[in-house]
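Asks: Have a look at this one.
The values are calculated or read from the model by the stated rules, or taken from the named source; none is laboratory data. Note that the structure is a prediction, hence the values are computed from the model and not measured. Quick reminder, even Gly has a Cβ in these numbers, built from the backbone with ideal geometry, and neighbours come from all protein chains shown.
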Amino acid sequence: MDLFEYQGKQFFASYDMPVSPGEAVTTVDDAVAAAERLGTPVMVKAQVHTGGRGKAGGVKYAADIDAVRTHASNILGLDIRGHIVENLWIEKASDIAEEYYVSFTLDRSAKQHLGMLSAEGGVEIEAVAEENPDAIAKIWVDPVDGLTADQCRQWVLAANLNPDVTDQTVELLLKLYEAYTSGDADLVEINPLIVTPEGRVHVLDAKVTLDGNAGFRHDLAPFDATQPRDEREAAAHAKSLQYVGLEGSVGVIANGAGLAMSTVDVVNQVGGKPANFLDIGGGANADVMAGALEVINNDPDVQSIFINIFGGITRGEEVANGIIEAMNRVDIASPIVIRLDGTNADEGRALLEPHLSDRLMMAPTMLEAAQEAVALAKGAAS
Amino acid sequence: MSIFIDENTKVVYQGLTGSQGRYYGMLNRDYGTQVVAGTNPKKAGTDVEGVPIFATVADAVESTGANVSCVFIPAAGVRSAVLEAAEGGVELIVVITEGVPMHDEAFFYNKLKADYPGVRLLGPNCPGLISPGKANIGITAGHIAKEGGPVGIVSRSGTLTYQALYELKQKDIGCTTCVGIGGDPVPGTSFIDCLTAFEEDPETEAVMMIGEIGGSAEEEAAEFIAANVSKPVVAYVAGLTAPPGKKMGHAGAIVSGGKGTAQAKMDALAAAGVRIGQSPSEAGDIMAEVVAAL
């Protein structure tokens, strides 16, 4: 799960890394009050789960309280790449002498952790990687061996950082690696890591993605509460369904992530637009199926529903009973097309047979079911 | 022949006393797999439907000759379970459990590589593997697979693995071994490991490969196939129309920064001479053509 900048800084601060004092606020008045407590000048920074804040006008320097008021009212409600700004981080402004870049993430090919360090921070690192790849010093860290101070020293040297801050940087890199591993982060990134005119190394931005699977070791609830979700995704999340909202009109329900993705693909292939990706997982019992149908049913854009089930361990007749029971419990607004295959599919189809109508149809293959669902969605739209 | 497991494989289930472990362990036994032991430090000396429970994998290996472990332990315990299995002396560790933290996976993958180089890890978050007619370890429904050959299957996705087995069985095509490598960020066994084993297996004459978006495993496999695989390979890649930046269920299935797209993977595989199906059933049709021409 992606953290806001201010949450990332709090996360870093808990590993004893140097961050600026600041306050998270949601209103202009609170922004002003925070700036008064911190003392101007401050930075007024939009908190959104996307990059490009600066270019979009979401990060402003405020020399005095009037400027805080002006910037806070301009930035709150701003649309940054489709993300509406609801939170601001008001932070004591820092003077900057140098800007660096540093991050840790998993290199899936090498199956080791990858650290990247560059003297060219404060700009988009993708651009640096493209135009001047030698400016990024990379280090691969074996998770068993961990990262040592000696390795960090070599790494700092390779990145051509200001030699005056080598010791401070080494210390920070070790803390950042500790935060990355002990904190169960998928990604930690500081851009920029700055050196102040007084020669202090300081964290000026924070991008942190935590591993939701590590919830048994950490309290992730405060971060979970601020994840961006559309209403449909929130409803599905509450039912423990794997759901991703899309823009189209064909509701998709499938068992297994791969099959659900494949179903979305096939709907697109035959000229339709899927409304969602929904994976009900392995055991498709009536409760799960009813929950999934409710989520799809509450999406006003859905014009038809494609249920694509491949029975492995799950048996066809259980799936069929699930669908029948779910239809009795939920008043479904759109026609349903089912493709049921795999274990005991014949028994399942036989159970569904008496319930078939122009509201519940069955198709022999994935492709034909997709074609039928797409035709129904298009018919309803015209 | 088959790869990794056969009729002589003896399996210990870590978590056999839990509901999932018991359910699938017994299904695997019904299939004909030699289910020889379970482990649970608190229930050593008891049994699950006749299968003896030991305190540790080492005890189970010593008493029963188990050479494979199948892990059904909840995610929080997987790291120590895997290390215990490696320490205990099995050759293959199959981790079915999903939701294992990335840092745990990265740790035990590298720990095994360094200290137990002879031990193969499969998963986590995988359906397991089946050598039809010989052994079935994990959660694949055995009866959807036809035994024999000539096709070997390797897949990153659970349900699409079943789909592939089923498509082939419908066409009366047998499978030597079907390996579900799982979709997690640090899979213990890769496409390349399986392709290597299938290339060496005389009974496997063609390989079906099922990939999905995210990461670069398919691209690496493509490079490997071009250089090292003489047998025909047919592939399907799920997630052609997945929107960038969205997680699609699996931890691994995410497209970011234009990398790891299904199209890029299909292009890489096609350039390596792999025939690509646009849907699972099309991949099945192509495989039928390939098998007919063998």
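Asks: Among the residues in the range B:203-217, are any of a type in the set (Ser, Thr, Tyr), surrounded by fewer than 20 Cβ atoms within 10 Å (Cβ to Cβ), under 30 Å from residue B:107 (Cβ atoms) and within 14 Å of another protein chain (Cβ to nearest Cβ)?
Replies: Step one: list which residues in the range B:203-217 are of a type in the set (Ser, Thr, Tyr), which gives B:204, B:216.
Going one step further and asking which of them are surrounded by fewer than 20 Cβ atoms within 10 Å (Cβ to Cβ), we end up with B:216.
Still in the list and also under 30 Å from residue B:107 (Cβ atoms): B:216.
Imposing the further condition that a residue be within 14 Å of another protein chain (Cβ to nearest Cβ) reduces the set to B:216.
Within the range B:203-217, one or more residues are of a type in the set (Ser, Thr, Tyr), surrounded by fewer than 20 Cβ atoms within 10 Å (Cβ to Cβ), under 30 Å from residue B:107 (Cβ atoms) and within 14 Å of another protein chain (Cβ to nearest Cβ).
Residue by residue, here is whether (1) of a type outside the set (Lys, Arg); (2) assigned to a helix (DSSP H, G or I); (3) closer than 30 Å to residue B:188 by Cα; (4) assigned by TED's automatic domain parsing to the domain that holds residue A:214 holds:
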position: A:6; (1), (2), (3), (4): yes, yes, no, no
position: A:10; (1), (2), (3), (4): yes, yes, no, no
position: A:33; (1), (2), (3), (4): yes, yes, no, no
position: A:43; (1), (2), (3), (4): yes, no, no, no
position: A:60; (1), (2), (3), (4): no, no, no, no
position: A:69; (1), (2), (3), (4): no, yes, no, no
position: A:77; (1), (2), (3), (4): yes, no, no, no
position: A:88; (1), (2), (3), (4): yes, no, no, no
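Asks: List the helices (runs of 4 or more DSSP H) inside the range B:40-136, counting only whole elements, that have at least 3 residues being more than 14 Å from every other protein chain (Cβ to nearest Cβ) and without any contact (Cβ under 8 Å) to a residue 60 or more places away in the chain.
Replies: B:57-64
Asks: Another one. Just to be sure I understand, how many residues within the range A:269-287 are at pLDDT 85 or above and either surrounded by 20 or more Cβ atoms within 10 Å (Cβ to Cβ) or outside the structural domain of residue A:330 (by TED's automatic domain parsing) (or both)? Steps first, answer last, please.
Replies: Filtering the range A:269-287 down to residues at pLDDT 85 or above leaves A:269-280.
Checking which are either surrounded by 20 or more Cβ atoms within 10 Å (Cβ to Cβ) or outside the structural domain of residue A:330 (by TED's automatic domain parsing) (or both) leaves us with A:272, A:274-280.
The qualifying residues number 8.
Asks: For residue B:157, only one of the following conditions fails: (1) in contact with a strand residue (DSSP E or B) (Cβ under 6 Å, 6 or more places away or on another chain); (2) within 23 Å of residue A:260 (Cβ to Cβ); (3) more than 8 Å from chain A (Cβ to nearest Cβ). What is its number?
Replies: The single condition residue B:157 does not satisfy is (3).
Asks: Then there's this: Please go through the range A:62-95 and give me each residue that is surrounded by fewer than 15 Cβ atoms within 10 Å (Cβ to Cβ), out of contact with any Ser or Thr (no Cβ under 7 Å at 6 or more places or on another chain) and either within 29 Å of residue A:186 (Cβ to Cβ) or within 14 Å of chain B (Cβ to nearest Cβ) (or both), ordered by number.
Replies: Listed by number, the residues that qualify are A:79, A:82, A:84.
Asks: Oh, and also: Tell me, yes or no, whether the range A:197-210 has at least one residue that is more than 30 Å from residue A:336 (Cα to Cα), within 14 Å of chain B (Cβ to nearest Cβ) and among the polar types (S, T, N, Q).
Replies: Yes.
Asks: Hey, can you tell me all the residues within the range B:171-194 that are surrounded by fewer than 22 Cβ atoms within 10 Å (Cβ to Cβ), touching a Lys or Arg at 6+ places or on another chain (Cβ under 9 Å) and not in a loop (DSSP other than H, G, I, E, B)?
Replies: If the condition is that a residue be surrounded by fewer than 22 Cβ atoms within 10 Å (Cβ to Cβ), touching a Lys or Arg at 6+ places or on another chain (Cβ under 9 Å) and not in a loop (DSSP other than H, G, I, E, B), then B:174, B:193 are the ones that fit.
Asks: Follow-up. Return the residue satisfying two criteria in turn: it lies in the range A:333-350 and is surrounded by fewer than 18 Cβ atoms within 10 Å (Cβ to Cβ) and away from chain B (no Cβ under 14 Å), and of such residues it is nearest to residue A:291 (Cα to Cα).
Replies: Among residues in the range A:333-350 that are surrounded by fewer than 18 Cβ atoms within 10 Å (Cβ to Cβ) and away from chain B (no Cβ under 14 Å), the one nearest to residue A:291 (Cα to Cα) is A:333.
Asks: Something else now. Among the residues of the range A:106-128, are any basic (Lys, Arg) and either surrounded by fewer than 19 Cβ atoms within 10 Å (Cβ to Cβ) or not assigned by TED's automatic domain parsing to the domain that holds residue A:202 (or both)?
Replies: We begin by selecting, within the range A:106-128, every residue basic (Lys, Arg); these are A:108, A:111.
Among the residues that remain, those that are also either surrounded by fewer than 19 Cβ atoms within 10 Å (Cβ to Cβ) or not assigned by TED's automatic domain parsing to the domain that holds residue A:202 (or both) are: none.
Checked the range A:106-128: no residue is basic (Lys, Arg) and either surrounded by fewer than 19 Cβ atoms within 10 Å (Cβ to Cβ) or not assigned by TED's automatic domain parsing to the domain that holds residue A:202 (or both).
Asks: Considering the range A:1-19 alone, what residues qualify as being surrounded by fewer than 18 Cβ atoms within 10 Å (Cβ to Cβ) and closer than 11 Å to residue A:90 by Cβ?
Replies: Residues satisfying the conditions do not exist here.
Here is a yes/no grid of residues against (1) at pLDDT 95 or above; (2) within 25 Å of residue A:269 (Cβ to Cβ); (3) of a type in the set (Phe, Trp, Tyr):
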residue: B:184; (1), (2), (3): no, no, no
residue: B:189; (1), (2), (3): yes, no, no
residue: B:199; (1), (2), (3): yes, no, no
residue: B:213; (1), (2), (3): no, yes, no
residue: B:245; (1), (2), (3): no, yes, no
residue: B:262; (1), (2), (3): no, yes, no
residue: B:275; (1), (2), (3): yes, yes, no
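Asks: Across the range B:104-130, what is the number of residues that are crowded, with 24+ Cβ neighbours inside 10 Å and of a type in the set (Val, Ile, Thr)?
Replies: 1
Asks: Residues that are over 22 Å from residue A:205 (Cα atoms) and over 25 Å from the mean Cα position of the chain (by Cα): find the helices (runs of 4 or more DSSP H) completely inside the range A:115-186 holding 1 or more of those.
Replies: In the range A:115-186, A:125-131, A:149-158 are the helices (runs of 4 or more DSSP H) which contain 1 or more residues that are over 22 Å from residue A:205 (Cα atoms) and over 25 Å from the mean Cα position of the chain (by Cα).
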